[in-house]
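What follows is a short report on a single structure.
The values are calculated or read from the model by the stated rules, or taken from the named source; none is laboratory data. Here the structure is a predicted model, which means the values were calculated and not measured. Glycine gets a Cβ as well: all are built from the backbone with ideal geometry, and neighbour counts include every protein chain shown. Areas reflect the complete protein model, heavy atoms only, side chains present, ligands, DNA and RNA absent. Shrake-Rupley method; radii C 1.70, N 1.55, O 1.52, S 1.80 Å.
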Amino acid sequence: MSGERAIVAVIDDDQRVREALHGLLETVALDVELFVSVEDFLGASRSRAPDCIVLDVRLPGPSGLDFQAQLSKANVHTPIVFITGHGDIPMSVRAMKAGAIEFLTKPFRDQELLDAVRSGIERARARRAEQQVVAQLQQRFASLTTREREIVALLAVGRSNKQIAGQMDISEVTTRVHRRQAMQKMGARSLADLVRLVDKLALSQTKTPSV
Amino acid sequence: MSRSQKRSATQANRSAGGRSQAKRSPDRRGAQDQARGTAPAQSRRPFRLAQSELGERIRAFDWASTDTGPISDWSNGLRTAVTICADMASAQQAEFAVTLEVHARRAAELSEQNEALRREVAEHKAAAEAMQLQLEVLNNMPAVAWTITPDGRCDFINRYYLETTGMTADHCLAPTEQWKTAPDDLPPFFSGLHPDHRERAAKIFWGGIRSGTGWSFEVPFMHADGSYYWHFEQAVPLRDSQGKIFRFMGTCACIEDLKVAQGVVQDREKRLQEAREELARVTRLTAMGQLSASIAHEINQPLMAIVTNSDTCQHWLASTDPDLGKARAAAQRMARDARFASDIIARIHSLMNKTVSERALVDINALIRDVLDLTQGELRKHEVVADVELTALMPMILGDRVQLQQVILNLILNSIEAMIVVQDRPRALRVKSELNGADEIQVSLHDAGTGLDPSSADRIFDAFFTTKPSGMGMGLSICRSIVEAHGGRICALPGVPYGAIFQFSLPTRQ
């Protein structure tokens, strides 16, 4: 792990369990935040989002599974490790389908939880890196002129310079100039590279990352 | 005056009369007196004795008339004799008249006495007959009767007793020296008394004799058939005109049927009580069964914490740079959580196994918290938020901890069930304890459930009354019987703005 310490949020209404998890997560040099309920978690002021949430399935107020769905709807993809006193299969299937890192039944072995948390943190890191790339791309894309954007869009769907010039009713030379300009702004080294970047952008456009 | 005393007085009168007449023939007096003295036994008939006395006196007179001496001059002598005779005759007449009068008076007296004696005899006869009747009654009445002397010896026992016990009169009436070797030995007519009850009976018996108050006790006594039957024995002192006790008289009646009936009733009550307790236990188990999943969760939580803390502790100890402070903290958490888990188990154990009612001082607030701990999982499962408002420093109550826990448990489970269908408002359960006046505490549970159906509100505490598809209808009925057994009351009220309030009050310890 590089840079600042990862933050793990523990949401469990049992004080004993919270304290035990706190102790355990501390042993692997993680910053731990403890919450009694989902409301408690949402109400907390924070400078940085947690990298992983350790979430009890059964909670007062909205349950852990409800919270997972709520986050997903809000396009928040913080990795979740579920812990439960008496998990059943439908419950765990639902959680895993919705993207949970792990579904652990209490009492679990310490390593199981630590591994799950670690993989959650890694996933969060990767996602964050990805988001940085996308944000950069968006920034670059935003710097394109209207004409450049149109040309990039047509390139991405496989049109040749000639076809684009015809379609946009401009000369092929002008098309080539705009294309070079756009590729430079986007940081694409080749046409294939540009297409990949545009795909990534298009994908990210469907969801707005907020974390 | 007794009969014999009367008799001797009559005799004395008679002797006095005889003496006054004998003055005229003093020589005979001694003989007469002597004759009477030697034969008092034959003088039972006073009238006949008077006749013979009279005859004796006439003979004495004849003797006196011939004792006047010789007559020499015939005419003179005759005259003299006539004179003498006349004198004698008049003297004789006079004396005879006196005698006759005395005898007539005497005869009248004697006749009167005779009449009195006859009446006396008749009275005696009637008395004897009455006594015989009484004796017959005493002997044959269908109950035991006896008399006991102030020193504890039986001197009369009726035939009924002898027949029912198969004892003999000789045995029962044996003189004291034959049976009494210690101060508290019972007289032989008690020999059929059940050995297990002898000591107690002897204490009461001699206590009643010595204090002079009499006694009563219930004992099993052996009948002639060799079986023991319960008897009620009772004795009262008999006092003479000076107030001195001269006997104790008593009876003894067989109360076996009564005892059997009592036993049957007691036995039935005991079985009813047992059945009630068993029913309470079963419903407790049912409630616990309902809770089992959440209780398992409740126990699993601290177990999970213990395991995790143990891992943490080991990690810090195994580290190249061991953090003993953190290892110790983890170990302390382990101990704390283990105690918590074992407390839960102990609480469940007492709720599951307890059957016999025990009264002790109970802190109602602690009791409410205990039950809330047990139902925490269930509340959470149904998303019920408990709002607990316990008045501090509540007086202790005298009660059965487990039974009272059961009341609160039943009411909480009821409230949860009433709120399951509620979707449009928070599922809140307000549990409150408060003082109600100086000598009553009150616990109320206000739920946000569907409320009470007014048409059945007055029946909800009845046994087997239920509005739930799977309910037995025992929960609230048991709550009521427990609360009432503690001298309290329970009721259900409509909640404002919704839900129901179940409220019970218990008297504080006086």
**Asked** Which of A:Val134, A:Val38, A:Val28 moves the most in a Gaussian network model of chain A with Cα springs under 10 Å?
**Response** A:Val28
**Asked** Once all Cα-Cα distances of the stretch A:7-127 are split into 10 Å bins that start at 0, what whole-number percent is in each one?
**Response** 14, 53, 32, 2
**Fill in**
Result for interface chain A to chain B, accessible surface buried in total, 1.4 Å probe, Å² to 100, stands at 2100 Å²
**Request:** For the stretch B:231-307, take the alpha-carbon Rg, divide it by the Kirkwood Rh, and send me Rg/Rh.
**Result:** 1.63
**Message:** Suppose all protein chains stay in the model; what accessible area per residue would a 1.4 Å probe give for the stretch A:143-204, in Å²?
**Reply:** 59 Å²
**Complete:** Between the modelled labels at B:Ala253 and A:Met96 (7 Å from Cα along Cα→Cβ) the distance in nm is 8.6 nm
**Request:** Could you quote the convex hull projected area for the stretch A:143-204, Cα atoms only and averaged over all directions, in nm²?
**Result:** 3.8 nm²
**Projected-area mean, the stretch B:385-440, by convex hull of Cα positions, square nanometres** = 4.8 nm²
**Asked** With N residues in the stretch B:90-185, what two-decimal value do you get for its Cα radius of gyration over 2.2 N^0.38 Å?
**Response** 2.16
**Message:** Compute accessible area for the stretch A:103-125 by itself and then with all protein chains, 1.4 Å probe, and report residues whose area falls by 10 Å² or more.
**Reply:** A:Lys106, A:Pro107, A:Phe108, A:Asp110
**Prompt:** If the viscosity is 0.692 mPa s and the temperature 37 °C, what translational diffusion coefficient in µm²/s does Stokes-Einstein give for the stretch B:283-390 when Rh comes from Kirkwood over Cα pairs?
**Reply:** 203 µm²/s
**Asked** How far is it, in nm, from the label point at B:Asp462 to the one at B:Glu163 when both lie 7 Å from their Cα along the line to the Cβ?
**Response** 5.6 nm
**Request:** Divide the volume of the convex hull of the Cα atoms of chain A by its number of residues and quote the answer in cubic angstrom per residue.
**Result:** 147 Å³
**Message:** Restricting to DSSP loop positions (anything but H, G, I, E, B) with no more than 15 other Cβ atoms inside 10 Å of their own Cβ, which trypsin sites (Lys or Arg not before Pro) remain in the stretch B:319-400?
**Reply:** B:Arg359
**Prompt:** GNM, chain A, Cα, under 10 Å: largest mean-square fluctuation among A:Lys106, A:Lys97, A:Lys200?
**Reply:** A:Lys97
**Request:** Calculate, in nm to one decimal, what B:His194 and B:Phe246 gain on full extension: separation in residues at 0.36 nm each, minus their alpha carbon distance.
**Result:** 15.8 nm
**At most 15 other Cβ within 10 Å, DSSP loop - GluC sites (Glu not before Pro), the stretch B:226-291** = none
**Rounded percent of accessible protein surface that carbon and sulfur make up, chain A, 1.4 Å probe** = 51 percent
**Asked** Under 17 Å from the Cα of B:Lys203, which aspartates and glutamates turn up, not counting those fewer than eight places away in the same chain?
**Response** B:Asp151, B:Asp184, B:Asp185, B:Glu218, B:Glu233
**Prompt:** So for the pair B:Val137, A:Glu150, with labels modelled 7 Å out along Cα→Cβ, what separation do we get in nm?
**Reply:** 14.2 nm
**Prompt:** Anyone know which of A:Gly120, A:Gly61, A:Gly99 comes out most mobile in the 10 Å Cα GNM of chain A?
**Reply:** A:Gly61
**Item:** Nearest-0.05 FRET efficiency for B:Tyr498 and A:Asn75, computed from C-beta distance (R0 45 Å)
**Value:** 0.75
**All Cα pairs of the stretch B:170-314, percent lying beyond 18 Å** = 74 percent
**Fill in**
In Å, the C-alpha Rg and Dmax of the stretch B:141-204 are 11.6, 33
